[in-house]
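Peer 1: I'd like to ask some things about the structure below.
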């Protein structure tokens with residue numbers, strides 16, 4: 001990488017209970033059915049178990065079935081509008097701008113991505129949808145009238161790791177499997193794993209968190225009091241690097257640590273580039289992958 005190209009650092013986020021306070025369907029969609037979350041989720045999960053169905057497909061089907069049963073069919077536009085009711089954790093709304101600006105001071109380009117089992121349509125209606133380079137989330141395919149007719153994409157817990165590889169290689173189009181599966185030298189990958197930070201809230205994020213720890217990235221878990229013990233267990237078992245209360249405000253522990261990680265990644269990239277320049281100056285090959293710092 002030449003000095004004219006800034007290294008990229010990618011923040012990868014779960015969404016429900018990571019950036020917002022509960023499951024995104026709970027804010028407006030489920031109440032629009034005249035149901036409570038305590039009624040809807042057991043119905044969806046029970047349907048999935050009875051039919052040996054993937055849990056994400058089960059809840060998407062239940063959304064359609066319960067809407068039609070009540071004569072309340074929804075459209076894509078309806079779901080986007082319902083996303084406006086999402087309640088974000090403290091500091092989330094201005095987090096992205098602050099982190100981007102701090103990255104600039106460190107000479108790195110910061111990008112943000114969502115990898116969620118929730119619905120892309122609802123996320124698009126949220127106040128922060130414009131902050132993300134890409135939103136990977138479950139999604140319906142809609143007919144010409146905007147009505148859901150089939151699942152377009154489902155993102156279950158283990159499938160989340162596919163999107164980490166897409167970000168790593170810069171193959172962001174979910175329909176492009178050819179380039180995703182093609183062999184690519186590590187030094188050609190757009191965002192090295194060592195420049196990734198994954199932020200989640202629980203067991204559904206463990207596959208991605210394990211990838212971060214295995215390949216040199218960072219894994220952070222945030223918590224509310226209701227799931228604090230589970231997140232502490234993730235730390236005790238070595239599944240995450242850090243845990244923090246779900247407060248993204250400036251000056252919090254999460255804010256300070258994220259900036260420290262950015263500093264370290266920027267220094268690592270700068271030192272690696274300096275070493276490569278010296279090797280090139282003496283006519284040697286570029287720095288071997290195993291010699292990369294951090």
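The values are calculated or read from the model by the stated rules, or taken from the named source; none is laboratory data. Not measured: the values here are computed from a predicted model. Positions of Cβ are generated from backbone atoms using ideal geometry, with glycine treated the same way; all protein chains shown enter the neighbour counts.
Peer 1: Consider residue 97 carefully, then state whether it is in the same structural domain as residue 147 (by TED's automatic domain parsing) and surrounded by 21 or more Cβ atoms within 10 Å (Cβ to Cβ).
Peer 2: Taking the combined requirement at face value, the residue does not satisfy it.
Peer 1: Give me the helices (runs of 4 or more DSSP H) completely within the stretch 1-76, filtered to those with at least 3 residues that are within 25 Å of the chain's Cα centre (by Cα) and not assigned by TED's automatic domain parsing to the domain that holds residue 218, ordered by residue number.
Peer 2: In the stretch 1-76, 37-50, 55-69 are the helices (runs of 4 or more DSSP H) which contain 3 or more residues that are within 25 Å of the chain's Cα centre (by Cα) and not assigned by TED's automatic domain parsing to the domain that holds residue 218.
Peer 1: Can you tell me which residue in the stretch 144-167 is nearest to residue 75 (Cα to Cα), limited to those that are in a strand (DSSP E or B) and in contact (Cβ under 8 Å) with a residue 60 or more places away in the chain?
Peer 2: 148
Peer 1: Something else: Which of the following residues is under 28 Å from residue 54 (Cα atoms) and out of contact with any helix residue (DSSP H, G or I) (no Cβ under 8 Å at 6 or more places or on another chain): 177, 201, 205?
Peer 2: Matching residue, one of 177, 201, 205: 177.
Peer 1: Would you mind finding the one in 125, 103 that is in contact with a helix residue (DSSP H, G or I) (Cβ under 8 Å, 6 or more places away or on another chain), at negative phi, modelled with pLDDT of 95 or more and surrounded by 22 or more Cβ atoms within 10 Å (Cβ to Cβ)?
Peer 2: 103
Peer 1: Considering every residue within the stretch 34-55, establish whether at least one is buried (at least 18 other Cβ atoms within 10 Å of the Cβ) and closer than 30 Å to residue 167 by Cα.
Peer 2: For the stretch 34-55, residues buried (at least 18 other Cβ atoms within 10 Å of the Cβ) and closer than 30 Å to residue 167 by Cα: absent.
Peer 1: Of everything in the stretch 248-269, what is in a loop (DSSP other than H, G, I, E, B) and surrounded by 16 or more Cβ atoms within 10 Å (Cβ to Cβ)? Give them in sequence order. Spell out how you get there, then give the answer.
Peer 2: Here is the first cut: in the stretch 248-269, the residues in a loop (DSSP other than H, G, I, E, B) are 248-252.
Listed by number, the residues that qualify are 248, 252.
Peer 1: Let me ask another. Among the residues of the stretch 168-202, what is the count of those that are in a helix (DSSP H, G or I) and touching a residue at least 60 places away in the same chain (Cβ under 8 Å)? Steps first, please.
Peer 2: To start, the set of residues in the stretch 168-202 that are in a helix (DSSP H, G or I) comprises 168-169, 177-181, 186-188, 193-195.
Subsequent filtering for residues that are touching a residue at least 60 places away in the same chain (Cβ under 8 Å) retains 186-187, 194-195.
The qualifying residues number 4.
Peer 1: What's the total number of residues in the stretch 89-143 that are part of a strand (DSSP E or B) and over 24 Å from residue 259 (Cβ atoms)?
Peer 2: Number of matching residues: 12.
Peer 1: Among the residues of the stretch 208-234, write down those that are over 22 Å from residue 249 (Cβ atoms) and surrounded by fewer than 19 Cβ atoms within 10 Å (Cβ to Cβ).
Peer 2: Hits for the stretch 208-234 are 210, 213, 214, 215, 216, 229, 230, 233.
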